[in-house]
Structures are given as C-alpha cells and as structure tokens.
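Below: one structure, written as structure tokens.
The values are calculated or read from the model by the stated rules, or taken from the named source; none is laboratory data. What you see is a predicted model, and the numbers here were worked out from it, not measured in a lab. Using ideal geometry, Cβ is built from the backbone for each residue, glycine included, and neighbour counts are taken over all protein chains shown. Remember, those area values only see protein heavy atoms, side chains included, never the ligands or the DNA or RNA. Shrake-Rupley method; radii C 1.70, N 1.55, O 1.52, S 1.80 Å.
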Amino acid sequence: MEAAVVASSDYLLPLSDGEPPPSLTNALRESCRNVPRRVDRFIQLALLGSARCAAGRALRHDCGIYLGSG
C-alpha cells in the first residue's frame with residue numbers, strides 16, 4: 001500500500017497579550033456535519049483541520065489522519 005500526504009492544513013492566529021482566542025463554533029458549523037458539544041479547543045482545532053483537509057476529496061475508507069501540535 002502506497003502512503004502519500006493528500007492534504008495539509010494549519011491554523012495560526014497571532015493574539016495580543018491577554019486577548020482571548022476567538023470562538024471556533026461558526027467555523028465548525030461551516031465545515032462539519034455535526035458540531036460536537038463539550039469538547040476542548042484542541043479537539044475543535046483537530047476537527048476543523050481535518051474537515052478542511054478532506055473538503056472536496058473522496059477519501060478511502062481506511063484513510064489515516066495524522067495530527068501534530070506545536
């Protein structure tokens with residue numbers, strides 16, 4: 001089986017000291033079929049990133065998703 005990176009995504013938002021990060025709820029509503037409840041920001045970012053990578057692509061049923069964090 002051949003492995004290849006099909007898509008990648010990132011999220012970078014510079015903030016001023018003390019400035020809270022914006023809500024991701026609207027972006028998740030646009031990208032995901034169902035917006036999950038009771039998840040932390042890291043999970044929201046993972047869902048948003050994977051949805052953006054998969055958008056418009058036909059993925060194999062055994063496709064792997066690899067997540068990284070800085």
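Values computed for the structure shown
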{"item": "The chain, helix-only ellipticity at 222 nm - DSSP H runs n ≥ 4, -39,500 (n - 2.57), divided by all residues, nearest 500", "result": "-9000 deg cm²/dmol"}
{"item": "Solvent exposure, largest accessible area first (probe 1.4 Å, DNA, RNA and ligands not counted), of LEU13, LEU67, LEU28", "result": "LEU67, LEU13, LEU28"}
{"item": "In degrees, nearest ten, helix 41-54 long axis to first principal axis of the chain (Cα)", "result": "40 degrees"}
{"item": "Contour excess over end-to-end distance, with Cα ends at ALA51 and VAL39 and 0.36 nm allotted per residue", "result": "2.7 nm"}
{"item": "Debye, to nearest 20: dipole size of the chain, +1 on Lys, Arg Cβ, -1 on Asp, Glu Cβ", "result": "380 debye"}
{"item": "Distance in nm between pseudo-label sites at SER69 and LEU15 (7 Å out along the Cβ direction from Cα)", "result": "1.4 nm"}
{"item": "Carbon/sulfur fraction of accessible area - the chain, other protein chains in place, 1.4 Å, %", "result": "51 percent"}
